[in-house]
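Enquirer: Quick one: the structure is below, and I'll ask about it shortly.
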Amino acid sequence: MSHYFSNEKLPSNVKKKECTVLNSNFIFLTDNGVFSKDGLDFGSRLLLEVIPLDEVGANILDVGCGYGCIGIVLNKLTNASVDMIDVNLRAIHLANRNIKENNCNNIRAFESNCYEKIDSKYSCIVTNPPIRAGKKIVYNIVMNAINYLEKNGALFLVIRKEQGAKSLISDLEKIYNVEVLERKKGFFIIKCTF
């Protein structure tokens, strides 16, 4: 079975999806083999609607960016500089096309397995972590974010209750100050600071 966190070759079937987030319109190209190929998923939309835009700062890292919806929306709504990373090369290709499609500035997408190719620090890290990649990958993303955050930086993430939100929160509290910003339809929007 193919998953969006791998580079398994699937037949391409690029589709254009339009969506509105916080009263702004966006166009996203999606394809087989990427997360949420049918358009912006509920968890990512909720994260974007809840994240306090005045707290993201000047530079954002979107980890596990997929075709780029979170990073692109934050770039357009805040004018922050954004780096988007994913292990899936098709997703990165789409993210770069979507950057152009949405006329974004100060944003780039590149391949990186978690933080493997990251050597900067950010005011904000955002993620809708790839739960199906397994706990080890998810924990690598969220627990190691602290090493790539500037002082006073924040990690914002979305996770579903049925995917282990409560145990993840308990583990996050061992290294972060954790605040649940929203609970809706089983999804938790979490803010972590240190």
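Just so it is clear, none of the values below were taken in a lab; they were calculated from the coordinates. Predicted model only: the values in this text are computed from it and were never measured. Here the Cβ is made from the backbone with ideal geometry for all residues, glycine too, and neighbour counts use every protein chain on show.
Enquirer: Could you list the residues of the stretch 95-136 with an amide nitrogen less than 15 Å from a label point located 7 Å from the Cα of Asp171 in the Cα-to-C-beta direction?
Expert: 129-136
Enquirer: List the trypsin sites (Lys or Arg not before Pro) within the stretch 97-194 that DSSP assigns to loop and that have no more than 13 neighbouring Cβ atoms inside 10 Å. Walk me through the numbers before you get to the answer.
Expert: Working: sites: Arg97, Lys100, Arg108, Lys117, Lys121, Arg132, Lys135, Lys136, Lys151, Arg160, Lys161, Lys166, Lys174, Arg183, Lys184, Lys185, Lys191; in loops: Lys117, Lys121, Lys174, Lys185.
Sites meeting the loop and neighbour criteria: Lys117, Lys174, Lys185.
Enquirer: Next up: Provide the per-residue ³J(HN,Hα) series for the stretch 82-95, in order, calculated from phi with Karplus coefficients 6.51, -1.76, 1.60 and θ = phi - 60°, each as a whole number of Hz, with x at glycine and proline positions.
Expert: For the stretch 82-95, the Karplus curve yields 10, 10, 10, 10, 7, 8, 8, 5, 5, 4, 5, 4, 5, 4 Hz.
Enquirer: Straight distance only, please: which aspartates and glutamates reach the Cα of Lys191 with their own Cα at less than 16 Å, same-chain residues fewer than 8 apart left out?
Expert: Glu49, Asp54, Glu55, Asp62, Glu150, Asp171, Glu173, Glu179, Glu182
Enquirer: If the convex hull of the alpha-carbon atoms of the stretch 20-126 is projected onto planes in all directions, what is the mean projected area in square nanometres? Please report the intermediate quantities before stating the final value.
Expert: Values: hull surface 23.7 nm².
Projected area, direction-averaged: 5.9 nm².
Enquirer: State the Cα centre-to-centre distance between the stretch 10-78 and the stretch 117-194 in whole Å.
Expert: 17
Enquirer: Amide H to amide H under 5 Å from Ser112: which residues, 5+ apart in sequence or cross-chain, H placed 1.01 Å off N in plane?
Expert: Here Asp86, Val87 satisfy the definition.
Enquirer: Next question, about the same structure. Among the lysines, which fall within straight-line cross-link reach of Lys184, defined as a Cα-Cα distance under 18 Å, with same-chain neighbours fewer than 8 residues apart omitted?
Expert: Once the sequence-local lysines are set aside, what remains near Lys184 is Lys161, Lys166.
Enquirer: Candidates (i) 23, 19, 16; (ii) 28, 19, 13; (iii) 32, 18, 13; which is the computed semi-axes √(5λ) of the Cα gyration tensor in Å?
Expert: Answer label, from the structure shown: (i).
Enquirer: Now for a separate question. Taking 0.36 nm per intervening residue step and subtracting the Cα-Cα distance, what contour gain separates Leu10 from Phe110 on full extension? Don't skip to the answer; put the middle values down first.
Expert: Values: separation 100, 0.36 × 100 = 36.00 nm, distance 2.02 nm.
So the chain would gain 34.0 nm between Leu10 and Phe110.
Enquirer: If you put +1 on each Lys and Arg Cβ and -1 on each Asp and Glu Cβ, how big is the dipole of the stretch 1-154 around its Cα centre, in Debye rounded to 20?
Expert: Numbers: 17 positive and 16 negative charges, 69 e Å.
Result for the stretch 1-154 is approximately 340 debye, rounded to the nearest 20.
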